[in-house]
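Here's the structure we're looking at; comments come further down.
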């Protein structure tokens with residue numbers, strides 16, 4: 001006789017357990033690897049691999065629980081099944097990691113099936129089709145609740161219909177439990193997702209200067225610490241360019257702040273376009289003051305100098321228009337490199353600032369590199 005009371009209890013427990021797994025998978029692992037970023041730089045790079053290992057550990061836990069408590073075997077199997085397949089929808093997973101996760105899923109499939117049954121091999125054929133479709137269309141599936149439910153239904157049907165040792169009622173209720181788990185977690189996660197999107201929006205406001213599309217001063221202070229630590233850890237070069245617009249106050253006073261904002265906006269576009277041409281220098285661009293900007297390069301200063309000189313010339317040749325006004329501007333620039341004596345990024349920043357000031361003192365429209373004016 002089917003134990004309805006136990007089924008209801010196990011379904012409720014499963015829903016909350018899986019919700020916790022989904023939240024931790026999507027947020028907890030990322031938060032853990034980003035805490036004290038200087039210490040966890042390697043983990044941040046391999047967060048999806050860590051997520052795969054975490055998923056495997058949770059499946060092993062479910063299998064152990066199934067072995068120790070066989071009365072609730074179907075519930076634990078459903079937990080493991082869900083834990084295996086939901087992370088396959090992770091859009092950040094690369095192909096090698098996806099293949100590894102698929103192999104784990106197939107191993108679980110084989111471990112929980114009768115290998116002598118023809119039904120098993122039919123279910124494996126359908127499983128392969130499902131895995132291919134998930135990889136090809138996971139972006140679409142993630143954005144459509146009905147498609148996601150249909151996918152979960154097919155996974156549940158494919159797995160549980162191959163369990164020929166169970167009664168029809170047990171198979172049916174196992175499929176229903178699997179669907180209810182997905183419905184509950186989808187609803188729960190959609191609420192979490194709204195919160196996450198709001199957090200992302202606020203984070204964008206803090207980290208991005210909307211006028212120039214450069215990083216904000218807040219982002220600069222945060223990223224500079226991380227990049228400094230990375231350069232020290234990997235013993236790789238780092239260079240800092242600081243520049244501002246010459247006589248920018250005169251632009252605002254003469255033509256108005258609307259024209260000044262147009263100049264800032266166009267400068268942002270121009271610099272970002274130029275930086276795309278030197279992606280190998282790993283540049284990150286920030287607006288750190290009214291008309292002051294910084295660019296961090298994870299490259300040797302000798303490689304950066306030609307780019308900076310080109311940027312300086314392109315700005316000098318450009319004309320920035322707003323309504324009936326056309327403005328011509330120049331830049332003053334200071335460039336320095338990370339040295340063995342620099343104990344903090346602040347020292348690098350202060351040196352670039354001093355070189356920028358030196359360029360201004362020398363008549364503006366100048367580039368000063370390590371205390372020497374470049375012509």
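No lab work stands behind these numbers, since they all come straight from the coordinates. Predicted, not measured: the structure shown is a model, and the values here were computed from it. Because the Cβ atoms are built from the backbone with ideal geometry, glycine has one as well, and the counts that use them run over all protein chains shown.
To the nearest 10 degrees, how steep is helix 118-142 against the longest Cα principal axis of the chain, on a 0 to 90 scale? Around 30 degrees separate the two axes. Relative to the current alpha-carbon distance between residue 116 and residue 272, full extension at 0.36 nm per residue lengthens the span by 50.0 nm. You can think of it this way: the chain between residue 12 and residue 60 has 15.2 nm of extra reach, that is 0.36 nm per residue less the Cα-Cα gap.
Plainly put, the chain has a radius of gyration that is 1.15 times its Kirkwood radius, both from alpha-carbon atoms, as the Rg/Rh ratio. Between residue 153 and residue 94, the FRET efficiency estimated from the beta carbon spacing at R0 = 22 angstrom works out to 0.20. The angle between the Cα long axis of helix 145-160 and the longest principal axis of the Cα atoms of the chain comes to about 40 degrees, rounded to the nearest 10. In this structure, residue 343 and residue 221 have a Cβ-Cβ separation that, at R0 = 25 Å, corresponds to a calculated FRET efficiency of about 0.90.
In this simple spin-label model, placing a label point 7 Å from the Cα along the Cα-to-Cβ direction at both residue 310 and residue 129 gives a separation of 5.2 nm.
Counting only alpha carbon atoms, the long axis of helix 4-23 and the longest principal axis of the chain meet at about 20°.
Shown is the FRET efficiency for residue 103 and residue 253, computed with R0 = 45 Å from the Cβ-Cβ distance and rounded to the nearest 0.05: 0.10. The equivalent ellipsoid that matches the C-alpha gyration tensor of region 210-374 spans semi-axes of 27, 16, 14 angstrom, in descending order.
Normalised by the residues of region 50-164, what does the relative contact order come to in percent, with Cα pairs under 8 Å and at least six apart? Could the numbers behind the result be given before it?
Values: 68 pairs, mean separation 27.3, N = 115.
Normalised by residue count, the contact order of region 50-164 is 24 percent.
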